[in-house]
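Here the structure comes first, spelled out in structure tokens, and everything after it is commentary.
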Amino acid sequence: MKGWKGAWLGLTALSLLSAPAAAPAAAEAASAKINIKIDGQAQVYDTAPYMKNDRTLVPLRGIFEKLGAEVFWKEETSTVYAVKGDLNIVLPIGSKQATVNGQTVQLDQPAEVTNGRTMVPIRFVSETLGAGVLWEQKSNSVVITSGVKPLPKGGQALHLPLSYEFVLDPSLASDPASLTMLAQVGEGLTRLDQTGQAVPGVAKSWSVSPDGKTYRFLLRDNAKWSDGTKVTAPDFVYGWSRGANPELQGAYAFMLDGLESKALDDLTLEVTLLQPTPSFPEQLALPIFFPQKMQFVQSKGEAFGTDVKHSLFNGPFTVTAWAHEHYALLQKNPTYWDQGQVRLQKVNYYIGASDLTGRYQKGKLDRIPLGAADVPAYVNNPQFSQVSNLVTSYLQFNLEDPVLGNLKIRQALGYGIDAPALINAVGARGRYEAATGMVPVGITNGSGGSYRAQSGDLLQRQVQLAKAKALLADGLKELGLTAFPNVKLLMDDGALGRKTGEALQEQWKQLLGISVQVEYVPFGQRLQRSSRGDYDMLLGSWGADYNDPDNFLNLFLSSGMYNDANYESTLFDAALNKALQETDRSKRMAAYKQAETILLGDLPVAPLYFTNQSYLTQPYVKNWQAVPGLAVNYDLKLTYLEGK
């Protein structure tokens, strides 16, 4: 509503500056108990309202929450943040100024803390949230009526949950919360479009040498940091050098291995790779490749990226409020080079929020993830959607085991599973889908399409299931055995792990007529035993760090660091190395399919299912850009609200 802001804030400021005390007879009220009624209901607080300088002070949290707002406390700065719909309030303790949607509001009595409770003038609390305030003399009560005055609405304010606390250091960020947050407030040389392909970010253009190993990026001259200074090529050189520093032990530092970067001038960056990597422009959208301003980072030391004042931004948004482990506010970045395309004005994050479906149904959250148990209730809802996590779960066989070294035994165990029935048995329908290869759904083909759709179903699970029992018999015969020997399955401990282990045991018993023992160990112990070959077979999973088939197939190179199955195949190595050297994307995908086909023919691992994440999204949220994977979950640059 045009013009609401000035009129509404003017009314509030006038009330705060010139309104009389809540009680006409202030002297009498000061000596008596002050009562609070909200919408006709008497309120009881552990810290009672009181008079000070002829003003009635009341507990902020109790009244704000009763009026539908959410309240957060930042201990480090003694600041209160409150949110209701399009309204954001910042109230520093001890100050006579508050901020309401970015506008300063004067208080004639500073907020203060009494008995651990924030106490504020009653009219600030009530009128800020659009409530009416009256004094009821006979009961010595302040009577508050909600919804008397309209609050701002129709603005571009998004409300989202965030699973846990984040960090804003691109070199150290490793979890989805941190990586996703950085993707909103930072920008690398490229961004990803809706199809997963690289589009210009800080770099306005780039070229690549004929051998595919050298890239030259031309930077925009209007790309700026949030302090107004220019983003330069040396900022990228420093950021990548810092990210590769082994002393930091960054989880994504491996992506910088063997990479050389050089600033030819302030706006030209040259990058040399060890081998052709056609997916390199897409990888550059990850935060590990973001620029870092050396002077700023070094001035902050270990505090860099740990709070608003210790962070610097160059993306579509900036973090302007951060109540650690509870709340964060992002606002549109006025210095961003492409700010004209950014329509959201604010993004409110509720860190560690609970009862997500309840809050979503009340309109307090605009998009939420769903747990597997909730999927059946919403799968037919038009607000339901799914995004691939780019994760494949699989049986991994120890090829040095005398029994599992037999291909037909591996095929029998891998194919003697009804994957859809297994998924239903563990209560994960809607979260898991039966695998059709090692490379999951969601991985792109480098040309805007799907690698999995292009390469097809390489497992043909239903066809192979019918052959599984015969394969088992043939394998035992080749080994000179008359019965299936003692083979153990190593599993992660926990409720889901045990349920999955029991379901696998039952399927092998029913479909193959064999008994398999299951050993449950903690996740870390399972990883250790896998790396040293101390297992028969295990259930493992792999998630993509970047969107390319290579992320899943290079695990099985004979010299691969994570080749815990001890798989060796000169044919597979040759096919994969051909893909890694190929600069033509179409030919590269064909080589990947050849390598994957060889891998699944040898079956050192038997893919079982891919993992998806389900969501509910309010219908007024438009142009949501999900990013498949476990790293960055989405990009809000082009998202907007319409019809709310």
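Structure notes:
- Of 469/593; 230/309; 74/149, those spanning more than 23 Å from alpha-carbon to alpha-carbon: 469/593; 74/149
- Helix 495-512 and the longest principal axis of the C-alpha atoms of the chain enclose an angle of approximately 30°.
- Relative to the longest principal axis of the Cα atoms of the chain, helix 176-185 runs at roughly 60 degrees.
- Beta bridges from DSSP with both residues in the chain: antiparallel share about 85 percent, rounded to the nearest 5.
- Scanning the chain for GluC sites (Glu not before Pro) lying in DSSP loops with no more than 13 further Cβ atoms inside 10 Å, the longest uninterrupted stretch between such sites is 1-246.
- Inter-centroid distance (Cα atoms) of the stretch 398-466 relative to the stretch 492-528, Å: 17
- Whole-angstrom gap from the stretch 177-207 to the stretch 547-606, using each part's C-alpha centre: 27
- About its Cα centre, the chain has a charge dipole of approximately 2000 debye under the convention of +1 per Lys or Arg Cβ and -1 per Asp or Glu Cβ, with nothing else charged.
- Computing FRET efficiency as 1/(1 + (r/R0)^6) for residue 230 and residue 518, where r is the C-beta to C-beta distance and R0 is 51 Å, gives about 0.30.
- Start at zero, step by 5 Å, and the Cα-Cα distances of the stretch 318-474 spread as 1, 7, 10, 12, 13, 13, 12, 10, 7, 5, 5, 3, 1, 0 percent across the bins.
- Rounded percent of accessible protein surface that carbon and sulfur make up, the chain, 1.4 Å probe: 50
- The candidate values were (i) 28.0; (ii) 32.7; (iii) 27.2; the one computed from these coordinates for Kirkwood radius over Cα pairs in Å carries the label (i).
- Net length gained if the chain between residue 294 and residue 163 were fully extended (0.36 nm per residue, minus Cα distance): 44.1 nm
- The candidates 326, 159, 310, arranged from most to least accessible area with a 1.4 Å probe in the full protein assembly, appear as 326, 310, 159.
- The chain: angle of helix 233-244 to the longest principal axis, Cα-based, in degrees nearest 10: 70
- Solvent exposure of the chain amounts to 42 Å² per residue of accessible area, where only protein heavy atoms count and the probe is 1.4 Å.
- Spread of Cα-to-Cα distances over 10 Å intervals beginning at zero, given as percent, for the stretch 35-150: 14, 50, 32, 4, 0
- Fraction of antiparallel bridges per DSSP, the stretch 386-614 only, in percent to nearest 5: 70
- Intensity falloff of the stretch 386-614 expressed as log10 I(q)/I(0), Debye formula with alpha-carbon point scatterers, at q = 0.11, 0.14, 0.16 Å⁻¹: -0.53, -0.88, -1.16
The values are calculated or read from the model by the stated rules, or taken from the named source; none is laboratory data. Bear in mind the structure is a predicted one, so any value in this text is a computation, not a measurement. Here the Cβ is made from the backbone with ideal geometry for all residues, glycine too, and neighbour counts use every protein chain on show. When the accessible area is computed, the model is the full protein with side chains, heavy atoms only, and any ligands, DNA or RNA have been set aside. Shrake-Rupley method; radii C 1.70, N 1.55, O 1.52, S 1.80 Å.
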